[in-house]
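Only one structure is covered here, and it is reproduced in the block below.
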Amino acid sequence: MTTASTATETSATSGPETADVVVVGAGFSGLYALYRLRKLNLKVVCFEAGDGVGGTWYWNRYPGARVDIESMQYSYSFDDDLQQEWRWPEYFSPQADLEGYANHVADRFGLREQIRFNARVNRLRWDEQAGRWHVSTERGDHVVARYIVAASGALDATNIPDFPGLDSFRGEWHHTSQWPKEKVSFAGKRVGLIGTGSTGLQATTEIGKTAGHLYVFQRTPAYSLPANNRPLPADYEREWKEHYADRRAEMSRNFALGYLPVQQYGSVFDYSPEERTRILEQAWAQRNGLLFLRTFTDTMMSLEANEVVAEFIRGKIREIVKDPEVAELLCPKTYPVGTKRICMDTGYFETFNRPNVTLVDVRSNPITEITPTGLRTTAGEYDLDLLILATGFDAVTGSLTRMNVTGVGGTDLREKWAERPTNFLGFMVAGFPNLFMIHGPGSPGVLAQMITGGEWQVDWAADVIQDLDRNGYASIDTTDAAEQGWAAEMAEMAAKTLYQHANSWYVGANIPGKPRYFMIYIGGFDQYKRRCGEQVSKGYEGFVLTKDKRRTA
Ligand code: NAP
């Protein structure tokens, strides 16, 4: 630990409202942060851009939106009464149930009164002299706080590609993550949908059922596995609830914070081609989505092993899709399976057997412009009444860089991250003291189960704040050297995996001009927790703690 002793006078209290902590975002992590920090008797204010709670599950209300992790796991663990009393109707909950759950939690724990809704944070400025953060919102709030917990979401900043002519489109258009609350009707309409990631797949499947005609504009096909979703049987729920404590404990110890009671079969190459197919067929039929990728131990470590699994999935697509040309276009061939977030679907490939659904290849014939009446590619023109952008997010860093954050010496976070989004332990950026990031770059965030991961990160930040207060420190920062060490540790681990072989949002490749860098800590949550714990137990090694002069004088 390095300590410094700089002036930390308080700012004038007669000015803006003051708080101990500002939490940005009332998604699942933000709600838990409010709950947890309030228990420390801190004054906490939460700013939320939307008019309701739920974050991702508030914004992404497009048709078909559904989680891809079982709800018995993808839910809060902090309160046993909550997890015992809440009932999930299906294995994988739709958006409405997740939003309902977030609202229930906000009400049950009385969190709502501390949340300022319709208040998008558009400025975070560190005042070095006062040792305080100034937080401003688009609607004019101004709060001065000691700490920031940025729970602003890894998949929050909408990516709207710069399509020429988008503003000229005379029909209705929506990005899937800004979907209107009012029901959108597709009946009798010519609908265009751009993007075939997890969102595009779910929306296509649902919209294809009722659209007059649906054109799906695909640049890169996705690997998708059957979700095998169904109503949650009462005995399954009962069993989970009886063993919740043990299962949560087990989940908290593994790399993805998931409950993974499935057999792994060793290397793909331990088996003959016939045996592999038999094992994969069984897994395809029985394993819920993501568990399928864990069938063999080397799927994510060896290109050759990965190709066996990828080709099995392509075989499934060719079986399902009747038109062989369409099937071939839907087969992903340019990146290993699992190196972009694997999708889960409920009849996506079957949708292309419908007469009212057309797949358009915009890899060979890119989109050139949106016209007042539709969309033009280098090969043709499509008349549309409704256009849907399922084009994803400026992931992991976007919600932070779009907040206009300046730290010590007025350094802008965007400038600091111009070459790569470095930080230490995924929590803290050097020169931006007292700002804790949840699910930011450098954390396992999106590669683990995010509700439980968020709870753990919030707990860590809350414990640090408590520790600082107890020991008379005013601020915590980290160093460039610590950041570089963390970046090297992350890069070394990522280099051993296949993730570098895909142009994914994990590496920022989906956003023009974004630095290409594997942003996620890939060592697993178990190892991540150990590393964070080590740094604290070694006296906050890699951090700089500054004494509160008023308390030591
Ligand atoms: P995404 O995975 O980034 O997919 C965006 C899609 O838009 C891609 O197919 C991309 O093509 C396409 N695209 C972007 N710009 C384009 C352009 N200029 N022209 C043509 N196509 C363009 O975004 P997402 O589907 O919203 O998913 C993001 C993440 O959210 C997922 O990976 C997942 O982690 C999460 N999510 C989860 C669920 C779930 O739990 N079930 C559901 C939805 C989302 P390229 O691939 O060629 O760039």
In the range 197-213, what count of residues is obtained for those that are assigned to a helix (DSSP H, G or I) and of a type outside the set (Val, Ile, Thr)? 6
Filter the range 170-191 down to residues that are over 24 Å from the mean Cα position of the chain (by Cα) and either among the acidic types (Asp, Glu) or within 11 Å of the ligand (Cβ to nearest atom) (or both), then give me how many there are. 2
Which residue pairs have Cβ atoms closer than 7 Å, lie 6 or more positions apart in sequence or on different chains, and pair a first residue in the range 49-66 that is over 15 Å from ALA157 (Cα atoms) and of a type in the set (Phe, Trp, Tyr) with a second residue that is outside any loop (DSSP other than H, G, I, E, B) and modelled with pLDDT of 95 or more? TYR62/THR176; TYR62/THR199; TYR62/ALA203
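Rundown of residues vs (1) loosely packed, with under 15 Cβ neighbours inside 10 Å; (2) touching a residue at least 40 places away in the same chain (Cβ under 8 Å); (3) out of contact with any Asp or Glu (no Cβ under 9 Å at 6 or more places or on another chain); (4) in a loop (DSSP other than H, G, I, E, B), yes/no style:
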{"residue": "MET301", "(1), (2), (3), (4)": "yes, yes, yes, yes"}
{"residue": "ALA305", "(1), (2), (3), (4)": "no, no, no, no"}
{"residue": "LYS316", "(1), (2), (3), (4)": "no, no, yes, no"}
{"residue": "ARG341", "(1), (2), (3), (4)": "no, yes, no, yes"}
{"residue": "ARG354", "(1), (2), (3), (4)": "yes, yes, yes, yes"}
Tell me which of these ALA222 doesn't satisfy, since it passes every other one: (1) open to solvent by less than 60 Å² (accessible area, probe 1.4 Å); (2) out of contact with any Leu (no Cβ under 8 Å at 6 or more places or on another chain). (2)
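Being at pLDDT below 95 and under 17 Å from ALA430 (Cβ atoms) is true for just one of TYR540, TYR499, TYR517. Which residue is that? If you could, list the steps in order and put the result at the bottom.
Working: TYR540 fails: at pLDDT below 95; TYR499 fails: under 17 Å from ALA430 (Cβ atoms).
Going through TYR540, TYR499, TYR517 in turn, the sole match is TYR517.
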Criterion violated by HIS142 - all others in (1) within 16 Å of the ligand (Cβ to nearest atom); (2) surrounded by fewer than 16 Cβ atoms within 10 Å (Cβ to Cβ); (3) within 21 Å of GLY407 (Cβ to Cβ); (4) not charged (D, E, K, R) satisfied: (1)
So which of PHE292, PHE269, PHE255 is away from the ligand (no atom under 16 Å from the Cβ) and touching a helix residue (DSSP H, G or I) at 6+ places or on another chain (Cβ under 6 Å)? PHE255
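Looking at the structure I just gave you, is VAL544 in a helix (DSSP H, G or I), away from the ligand (no atom under 16 Å from the Cβ) and either touching a strand residue (DSSP E or B) at 6+ places or on another chain (Cβ under 7 Å) or at positive phi (or both)?
On the way: in a helix (DSSP H, G or I): no; away from the ligand (no atom under 16 Å from the Cβ): yes; either touching a strand residue (DSSP E or B) at 6+ places or on another chain (Cβ under 7 Å) or at positive phi (or both): yes.
No; evaluated as a whole, the condition is false for this residue.
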When the residues of the range 484-541 are narrowed to those that are in a loop (DSSP other than H, G, I, E, B), aliphatic (A, V, I, L, M) and touching a residue at least 12 places away in the same chain (Cβ under 8 Å), which ends up surrounded by the most Cβ atoms within 10 Å (Cβ to Cβ)? MET519
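Can you go through ARG294, ARG276, ARG253 and tell me which one is under 27 Å from the mean Cα position of the chain (by Cα) and buried (at least 18 other Cβ atoms within 10 Å of the Cβ)? Even if it seems obvious, please write down each step before you answer.
Values: ARG276 fails: under 27 Å from the mean Cα position of the chain (by Cα); ARG253 fails: buried (at least 18 other Cβ atoms within 10 Å of the Cβ).
One residue alone meets the criteria, ARG294.
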Please determine, by comparing only the residues of the range 66-113 that are hydrophobic (A, V, I, L, M, F, W, C), in a helix (DSSP H, G or I) and more than 13 Å from TYR244 (Cα to Cα), which one is farthest from the ligand (Cβ to nearest atom). ALA106
The range 192-229, residues that are away from the ligand (no atom under 16 Å from the Cβ) and of a type in the set (D, E, K, R): LYS209
ALA154 - would you say it is within 15 Å of the ligand (Cβ to nearest atom), part of a loop (DSSP other than H, G, I, E, B) and open to solvent by less than 10 Å² (accessible area, probe 1.4 Å)? yes
Six or more apart or on different chains, Cβ under 6 Å: which pairs go from a residue in the range 99-122 that's more than 26 Å from GLY140 (Cα to Cα) and open to solvent by less than 60 Å² (accessible area, probe 1.4 Å) to one that's in a loop (DSSP other than H, G, I, E, B) and among the hydroxyl-bearing types (Ser, Thr, Tyr)? Could you list them? none
Residue in the range 459-475 that is under 30 Å from LEU290 (Cβ atoms) and either small (Gly, Ala, Ser) or touching an Asp or Glu at 6+ places or on another chain (Cβ under 9 Å) (or both) present: yes
Conditions (1) buried (at least 19 other Cβ atoms within 10 Å of the Cβ); (2) at negative phi; number of the one not met by ASP79: (1)
Please work out which residue is least open to solvent (accessible area, probe 1.4 Å), limiting yourself to the range 358-410 and to residues that are touching a Lys or Arg at 6+ places or on another chain (Cβ under 6 Å), part of a loop (DSSP other than H, G, I, E, B) and away from the ligand (no atom under 14 Å from the Cβ). LEU384
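The values are calculated or read from the model by the stated rules, or taken from the named source; none is laboratory data. Please read all numbers here as calculations on a predicted model, not as lab measurements. Positions of Cβ are backbone-derived with ideal geometry, glycine not excepted, and every protein chain shown enters the neighbour counts. These area figures cover heavy atoms from the full protein model, side chains too; ligands, DNA and RNA do not enter into them. Shrake-Rupley method; radii C 1.70, N 1.55, O 1.52, S 1.80 Å.
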